[in-house]
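Inspection log for the structure reproduced underneath, given as structure tokens.
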Amino acid sequence: MSLSLIGWLATAVFASSYLFRQPLMLRRIQAGAAFLWVIYGVAIDAVPVVVANLIVAGAALYSSFAQRETDGRSKID
């Protein structure tokens, strides 16, 4: 697989995340795209790409799991 193909795949996955209406799926798809960008960044030896996308993937996964935990709880007004 060529390096540019990984970058294009990451772009397509990230862009497609906006087609999902559920925030949980949007965040998880974005995390997957960020991991693809990490692979791409490692392959081209671009540390800023790797670090930025590790942060994005971590934030997307954290927020998706944090959201999931609070969805099951009832709110007390």
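The values are calculated or read from the model by the stated rules, or taken from the named source; none is laboratory data. Predicted model only: the values in this text are computed from it and were never measured. All Cβ positions, even for glycine, are placed from backbone atoms using ideal geometry, and neighbour counts span all protein chains on display. Each accessible area value is taken on the protein alone, full model and side chains, heavy atoms only, with ligands, DNA and RNA left out. Shrake-Rupley method; radii C 1.70, N 1.55, O 1.52, S 1.80 Å.
How many residues, within the stretch 22-37, are surrounded by fewer than 19 Cβ atoms within 10 Å (Cβ to Cβ) and closer than 18 Å to LEU3 by Cβ?
The number of residues fulfilling the criteria is 1.
Within the set of pairs 6 or more residues apart or between chains, which connect a residue that is more than 10 Å from TRP37 (Cα to Cα) inside the stretch 1-16 to a residue that is open to solvent by 60 Å² or more (accessible area, probe 1.4 Å) with Cβ atoms less than 8 Å apart?
Pairs that qualify, where the first residue is more than 10 Å from TRP37 (Cα to Cα) and the partner is open to solvent by 60 Å² or more (accessible area, probe 1.4 Å), are LEU3/ILE44.
Within the stretch 52-77, can you find the residues that are open to solvent by 70 Å² or more (accessible area, probe 1.4 Å), of a type in the set (A, V, I, L, M, F, W, C) and modelled with pLDDT of 60 or more?
Passing the criteria: LEU54, ILE55, PHE65.
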